[in-house]
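The values are calculated or read from the model by the stated rules, or taken from the named source; none is laboratory data. What you see is a predicted model, and the numbers here were worked out from it, not measured in a lab. FYI the Cβ positions are ideal-geometry reconstructions off the backbone, even for glycines, and counts take in every protein chain you see. With ligands, DNA and RNA removed, areas are computed over all heavy atoms of the protein, side chains included. Shrake-Rupley method; radii C 1.70, N 1.55, O 1.52, S 1.80 Å.
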Amino acid sequence: MDIQGINSSNEEIERLETAVEKDKKISVIEMYGEVLTDKNYITNPAIAREEEINRMILAIITPDKSALLVGKPGIGKTALVEGLAYRIHTNQVPDVLKDWRIIKINLPALLGKMIVDGVEVSKLQMLINEIDNIDKTILFIDEVHLLVAHNNGAVDLDFANMLKPYLDRGRILMIGATTSEEYEQYILRDRAFVRRFIKIDIAEAQGKDVVKILEGTFPKFEKQMNVKLAYTEFQRERIFEWIVEHTSEYKRIYEVQNRYPDICLTIVSSAFSFALFENSQVVTMKHFYLAMKNTGTIYEDSKVKAIEDFKVRFKDQLIKEGIDPQQI
């Protein structure tokens, strides 16, 4: 056991308590945090993800355990946590989690120190101290591997060691999120940190579920951009199916690292942007065509095939909107 390290940690906490006592107005949560359960969600952020959210709930209500979400980039790990916040906000959780708060912390901003009344203290230790004194609070840290990845400063400090005692005793509940690669590269090296979590593998959404996500999310774009997607549910489903089919795994540019549902949401939001650019109050077939044609997330040959399919699949609607399919 590193006695010197323990003594240093205790001294840090004492300095922190002295500084906070002098200035009780300082709140790291207010400075670097976002209360997800206080947000007004236009739509459910985690459509078709009920199973994963239920597993996350079971993890965080297990005594002395927290939840660790692991999966590829762009598959919606943060959206899952927002989905849980949405459930809490709308009172759709077990009684044990009712009235809880989820606070998302910008971890990179905390990897350093600040001066409080002339005393230099760790910002992360200030956060831990603040969370430890607040009831019914869950800390959400994206890129949680940064907690165990040593910094490059003058002090080679493992920030995970600050959290371990609090996680052990259940004084702090946490949801962490990281990619599969960073989990294996950084987190697995710290077995003591790993055992404090229940790992939840998050798979990429597929096919029909992605269509459901698009159907449930487009009202958010309508609200944000004040542009309407004025098609029937059947027409929207056909459009979304076309987008999903032509952005499947082997059609993507891997360097971009976009996956379902992110890659499809990007194309749908791009169609709304093209409508705004043309001062149109509605999104039309032309805007979906432009969104696919200009996307940088799939290979050029895949885009060509998508456009050819678009001309055939939506021929009648294009003609109805005054567009000759052979001229686009």
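Annotations for the structure displayed:
- Proximal lysines to K305, defined as alpha-carbon separation beneath 16 angstrom and excluding residues fewer than eight positions away on the same chain: K251, K293, K315
- Sites E184 and K98, calculated FRET efficiency, Cβ-Cβ separation with R0 41 Å, nearest 0.05: 0.70
- Convex hull projection area averaged over all views, region 35-120, Cα basis, nm²: 8.0 nm²
- Contour excess over end-to-end distance, with Cα ends at E51 and K72 and 0.36 nm allotted per residue: 5.8 nm
- Heavy-atom accessible surface of the chain: percent carbon and sulfur, 1.4 Å: 48 percent
- The convex hull around the C-alpha trace of region 24-167, projected and averaged over every direction, spans 9.8 square nanometres.
- Mean-position separation - Cα centroids, region 109-130 and region 272-302, in angstrom: 46 Å
- Length added when fully stretched, S27-D309, from 0.36 nm per residue minus Cα-Cα: 96.1 nm
- Rg over Rh, two decimals, region 221-294 (C-alpha only, Kirkwood Rh): 0.97
- FRET efficiency for the pair R169 and T90, taken as 1/(1 + (r/R0)^6) with r the Cβ-Cβ distance and R0 = 45 Å, rounds to 0.90.
- The orientation-averaged shadow of the Cα convex hull for the chain, equal to a quarter of the hull surface, comes to 19.6 nm².
- Relative contact order of the chain, defined on C-alpha pairs under 8 angstrom at six or more residues apart (%): 19 percent
- In plain terms, if you count all Cα to Cα distances in region 159-270 and split them into 10 Å steps from zero, the share in each step is 11, 31, 22, 21, 12, 2 percent.
- Taking every protein chain into account, the 1.4 Å probe leaves D64 with about 80 Å² of accessible area, to the nearest ten.
- Choice from K208, K223, K123 showing the highest fluctuation, given a GNM over the chain with Cα pairs closer than 10 Å: K223
- Under 20 Å from K164, Cα to Cα: lysines that are on another chain or at least 8 residues apart: K65, K104, K113, K123, K136, K199
- For M31, the accessible area of its heavy atoms, probed at 1.4 Å with every protein chain present, is near 100 square angstrom.
- Note that the chain presents 51 Å² accessible area per residue, ligands and nucleic acids not counted, probe 1.4 Å.
- For the chain, a Gaussian network of Cα nodes joined below 10 Å ranks I138, I60, I115 by mean-square fluctuation, and the top entry is I115.
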